Amino acid sequence: MSATVVSLPPSGIAETLDFLRRLASMMSGGRNAEMLLQAAAHIETLGRRALSAEQLFHAQQEESAQNAALRQVAERAAGRLTVEVDGLKAELLAHARLAEAEHLRLADETQHLTDEALRLNVLVEDGEARLARANAEIDGLRSALEARDAAMVAVPIHTLRLARAQFNHLAHGFARSGDLISQTICEIGGSAIDQAIAGHEDPAAADADGVSP
């Protein structure tokens, strides 16, 4: 509980001290004069203490007011910092979520590219295998043609032309279905038959029966 301090005016204290001392001087010594002088000394001491206490009280009041003002300033600054920190936390969380979403997106794209690369690799391996088979079939056809040329087996021209027509029909069918390798094989076979017809056809014999020598 705070006490109310009532300060005496300095002029009132001085007048009281002057009165007591004058009164003591008018007495012819003795105990009463001594007590008056002691009372004046006590009053003077108490007055100085009261003045010091009052000054200290005012100083404490000013310091308390300053502390209260500083506390208010600190509280306002703390409030602003709290709002700023909360904003930074929200921004950081938003960036973290964006980074996580971007990471997931990149992971999905990487997985998609990996799957696509595997699919293309399978297609390439399949194409290489089919090309190898086609080359083997072409080599077989060449070997068969070379063996036929070496044996000089007589083949009717109309048979070769029928085979050529069959190769053309198959090539067109494979072209429509998109099977380029099979189409190429048929075209190579047809070209080989054309070479055989051109190299062994006898115009006179062709008019008779179309049999090569």
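Quick notes on this structure:
- Placing unit charges on the Cβ atoms only, positive for Lys and Arg and negative for Asp and Glu, gives the stretch 9-94 a dipole magnitude near 300 debye about its Cα centre.
- In nm, spacing of pseudo-spin labels at Glu15 and Thr159 (7 Å Cα→C-beta vector): 16.1 nm
- In this label model, Asp194 and Ala129 are separated by 3.3 nm, measuring between points 7 Å along each Cα→Cβ vector.
- Rounded to the nearest 0.05, the FRET efficiency derived from the C-beta distance between Leu93 and Val73 at R0 = 45 Å is 0.90.
- Simple spin-label estimate for Ala65 and Glu146 in nanometres, 7 Å along Cα-Cβ: 11.9 nm
Rule-based calculations on the coordinates, nothing more; no lab input. Bear in mind that the values here come from a model prediction, so they are computed numbers and not experimental data. Methodologically, a virtual Cβ is constructed for each residue, glycine included, from the backbone with ideal geometry; neighbour enumeration extends over all protein chains shown.
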